[in-house]
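Encoded as structure tokens, the structure appears first; notes follow it.
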Amino acid sequence: MQYKRILLKLSGEALMGERQYGIDPKRLKEYAQEIKQVVDRNIQVAIVIGGGNIFRGVAGASNGMDRVQGDHMGMLATCINGLALQSALEDEGVHTRLQTAIEIKEIAEPYIKRRANRHLEKGRVVIFGGGTGNPYFTTDTAAVLRAIEINADAILKGTRVDGIYNADPEKDKDAIKYNNISFKDVIEKGLKVMDMTAFTLSEENKLPIIVFDMNTNGNLLKLVSGEQIGTIVDN
Ligand code: GTP
């Protein structure tokens, strides 16, 4: 296996499947099954999930809502998604723990790095909810932060496109996909991988980012097995 410990970043929107809002149980189950495949190969898996399928702080702010208030709602949305994913994983027989950056201790454990590490060592999937626990930060930043804290080998950003292209592949049919690209080239070419806060944190800490298509069955397992899937951003 190429990786021993990964941090998987999933977007909240991805959980919508074909829906316009909320959680599609079919998609949730598919993700749980994909994750189980790698857990069964003894890969340690931590997960950060977004909340955009329920609420986006930035969208709230653009409609006149206080940004901090909106971001707090978004953090709670990630906890809802975390609970849903936890349930779906447990249905597949995967042991999990949900840890949140904001305390809701009747519902989930508070985030404690050392405890997260122990859970991972014991083969439990650890889902980190609540983003970084601060407004103005994205769940991509939370994902990079947690990945660095737990010494993950890489951050795997599951998306609906199969990697990083030199143009938007959904708009430009001549767009060319990179298999490998450096942090420096991503910035120089103005490509969008993550927001700058998340991206810089990853670069400074030499944490490789892999962007891949999470909606294709078996991709996650292929990726951790060392197959060329998606685009890897590293030094
Ligand atoms: P080990 O120490 O490795 O056995 O880990 P563990 O997570 O099983 O230990 P613990 O006995 O602390 O936790 C038992 C269960 O309670 C697990 O499902 C935890 O997720 C849950 N748990 C632990 N702390 C909290 C908390 O603060 N809030 C909530 N809601 N659940 C908690």
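When only the Cβ of Lys, Arg, Asp and Glu is charged (+1, +1, -1, -1), the dipole of the chain relative to its Cα centre reaches about 540 debye.
Would you mind ranking Asp195, Asp140 so that the residue whose beta carbon has the fewest other beta carbons within 10 Å leads the list?
Numbers: Asp195 14, Asp140 24.
Ranked by crowding around the Cβ, least crowded first: Asp195, Asp140.
Between Glu227 and Asp195, the contour length at 0.36 nm per residue exceeds the Cα-Cα span by 8.9 nm.
Using just its DSSP H runs of length 4 or more, each adding -39500 (n - 2.57), the chain gives a mean residue ellipticity at 222 nm of -11500 deg cm²/dmol after division by all residues.
Looking at the stretch 25-69, which trypsin sites (Lys or Arg not before Pro) are in a loop (DSSP not H, G, I, E or B) and have at most 14 other Cβ atoms within 10 Å? Provide the component values of the computation, followed by the final result.
Details: sites: Lys26, Arg27, Lys29, Lys36, Arg41, Arg56, Arg67; in loops: Arg41, Arg56.
Filter output for the stretch 25-69: Arg41.
Nearest 20 debye, what's the magnitude of the dipole of the stretch 16-99 about its Cα centre given +1 on Lys and Arg Cβ and -1 on Asp and Glu Cβ?
Numbers: 9 positive and 10 negative charges, 21 e Å.
Taking the Cα centre of the stretch 16-99 as origin, the dipole is about 100 debye.
Quick check for you: which residues of the stretch 44-88 have the amide N under 17 Å from the point 7 Å beyond the Cα of Gln20 toward its beta carbon? In the stretch 44-88, the label zone of Gln20 (backbone N under 17 Å from the point 7 Å along Cα→Cβ) covers 53-56. Of the Cα atoms belonging to the chain, the radius of gyration and Dmax stand at 16.7, 51 Å. With r as the distance between the Cβ atoms of Met1 and Ser87 and R0 = 41 Å, compute the FRET efficiency 1/(1 + (r/R0)^6) and round to 0.05. Efficiency computed from Cβ-Cβ geometry: 0.90. Relative to the current alpha-carbon distance between Val68 and Asn42, full extension at 0.36 nm per residue lengthens the span by 5.4 nm.
Counting only DSSP beta bridges whose two residues both lie in the chain, roughly 15 percent are antiparallel. Computed from backbone phi, the HN-Hα couplings of the stretch 180-194 come to 9, 8, 8, 4, 4, 5, 4, 5, 4, 8, x, 7, 9, 10, 8 Hz, rounded to whole numbers (Karplus: 6.51 cos²θ - 1.76 cosθ + 1.60, θ = phi - 60°; Gly and Pro given as x).
Every number in this text was worked out from the coordinates using simple rules, so none of it is lab data. Just so it is clear, the structure is predicted and the values come from calculations on it, not from any experiment. Cβ sites come from the backbone with ideal geometry, for glycine too, and all protein chains shown count toward neighbours.
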